[in-house]
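Worksheet: the structure to be examined is printed underneath.
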Amino acid sequence: TDKKSSHKIKHKKIPRVHRIITEGIMYKVKLTEFVNKMNLKSLLPDIDTDSIMIEQSAVNRLALQLAGFFEHFDSERIQVIGNVEAAYMKQLAPESIPPLCEKIFSFNIPCLVFCRGLEPSQEMLDTAEKNGVPIFTTEMTTSDFIANSVRWLSEELAPRISIHGVLVDVYGEGVLIMGESGIGKSEAALELIHRGHRLVSDDVVEIRKVSDATLVGSAPDITKHFIELRGIGIIDVKSLYGVESVKDTQNIDMVIKLEDWDKDKEYDRLGLEDRYTEFLGNQVVCHNIPIRPGRNLAIIVESAAVNYRQKKMGYNAAQELYNRVQANLGNK
């Protein structure tokens, strides 16, 4: 390493974030799907749950509402009654129960869930049936039910987009391979599968923004576990390589963009500063990899994944090189 290399490192400009997509679509979930996922028992099976849609991931415990306070009532949420709420209702005067139930169900709530195996009074069941509100019961504790519901609904209702690319789990890191059609994304993914890594999606990747720090990628149901190879056709990865070669979902940790080699373009050779791509407002580390005959894409992707993990653990090879160059220049 000479002074010229040191000059390159010191004057390297911080690249701008490349934004791809920042908007997504808010989804709804059928109440039937939620009921099946949470294994809830319906106390009013005649009510059609397919027509009821859930739009919020948060749930609401009926607390102040049982005391008659309905200001700021989140009626769009799934309503929950636990041990404390049930005990409070038992202390109420019998004549106050029907008007209270009528008031609660007049808000057209999606459903009411009793936890810990508790069941409502007959007056509540009759009022709910009259207003078309389903009531369920579960053996889960209230805290467990709320935690499981919020976690599942947050993922199902998350903003999402579909992009053209290949998502692979490489050493536990979610690597999204992007590039123009026919550049070799699927071939790189197949070689990675040969080397023991796992395919999440080929050709189309559905990305969901689960949180401000997490993007989750998955495959559409119709193309799950399939890879398209030009000249060969469709390959069923799960059947050919076994269940250990595929994965349903994976956090997206980094993006590798493949592009044709351009001899006139100056490529990053140091990697001192990270580049980023933005999906749905979340930034993801991005590397532009030039492609030309003789380059082994699988090894490059593996190296990028391991290097990314190393950076997360606190070691940056480019920074170490910079420190060595500075130390070497200081000794002269």
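Of all residues in the stretch 58-70, those that are closer than 28 Å to Glu33 by Cα, open to solvent by less than 40 Å² (accessible area, probe 1.4 Å), not β-branched (Val, Ile, Thr) and not in a helix (DSSP H, G or I) total 3. Applying the criterion of at least 1 residues that are open to solvent by 30 Å² or more (accessible area, probe 1.4 Å), closer than 30 Å to Arg151 by Cα and polar (S, T, N, Q) to the strands (runs of 3 or more DSSP E) found wholly in the stretch 214-332 leaves 214-218, 249-251, 282-291.
In the stretch 193-204 there is at least one residue that is more than 27 Å from Met313 (Cβ to Cβ) and in contact with a Pro (Cβ under 7 Å, 6 or more places away or on another chain). The set of residues in the stretch 195-213 that are at pLDDT 90 or above and either out of contact with any Gly (no Cβ under 9 Å at 6 or more places or on another chain) or not in a strand (DSSP E or B) (or both) comprises Arg195, Gly196, His197, Arg198, Leu199, Asp202. Checked against (1) modelled with pLDDT of 90 or more; (2) farther than 23 Å from Leu157 by Cα, Gly231 passes all but a single condition, namely (1). Exactly one residue out of Phe34, Phe73 is within 12 Å of Val113 (Cβ to Cβ) and either free of Cβ contacts under 8 Å to residues at least 40 places away in the same chain or buried (at least 17 other Cβ atoms within 10 Å of the Cβ) (or both): that is Phe34.
Of the residues in the stretch 146-166, at least one is of a type in the set (Gly, Ala, Ser), open to solvent by 40 Å² or more (accessible area, probe 1.4 Å) and free of Cβ contacts under 8 Å to residues at least 12 places away in the same chain. The residues of the stretch 156-171 that are closer than 24 Å to Arg309 by Cβ and touching a strand residue (DSSP E or B) at 6+ places or on another chain (Cβ under 9 Å), listed by number, are Ile163, Gly165, Val166, Leu167, Val168, Asp169, Val170.
Per the conditions (1) closer than 18 Å to Ile300 by Cβ; (2) at pLDDT below 90, the sole criterion not satisfied by Ser181 is (1). Does the stretch 125-138 contain any residue that is open to solvent by less than 40 Å² (accessible area, probe 1.4 Å) and under 27 Å from Val246 (Cα atoms)? Within the stretch 125-138, none of the residues are open to solvent by less than 40 Å² (accessible area, probe 1.4 Å) and under 27 Å from Val246 (Cα atoms). Selection of first residues in the stretch 37-52 that are in a loop (DSSP other than H, G, I, E, B) and of second residues that are open to solvent by 90 Å² or more (accessible area, probe 1.4 Å), restricted to Cβ pairs under 6 Å at least 6 apart or on distinct chains, gives the following pairs, ordered by first then second residue: Leu44/Glu129. Which condition number in (1) within 19 Å of Leu40 (Cβ to Cβ); (2) open to solvent by less than 10 Å² (accessible area, probe 1.4 Å); (3) in contact (Cβ under 8 Å) with a residue 60 or more places away in the chain is the one that Phe105 fails? Only one criterion is unmet by Phe105, namely (3).
The values are calculated or read from the model by the stated rules, or taken from the named source; none is laboratory data. Keep in mind the model is a prediction, meaning the values are calculated, not measured. Heads up, the Cβs are rebuilt from the backbone with ideal geometry, glycines too, and the neighbour counts pull from every protein chain shown. Surface accessibility is based on the protein's heavy atoms, side chains included, excluding ligands, DNA and RNA. Shrake-Rupley method; radii C 1.70, N 1.55, O 1.52, S 1.80 Å.
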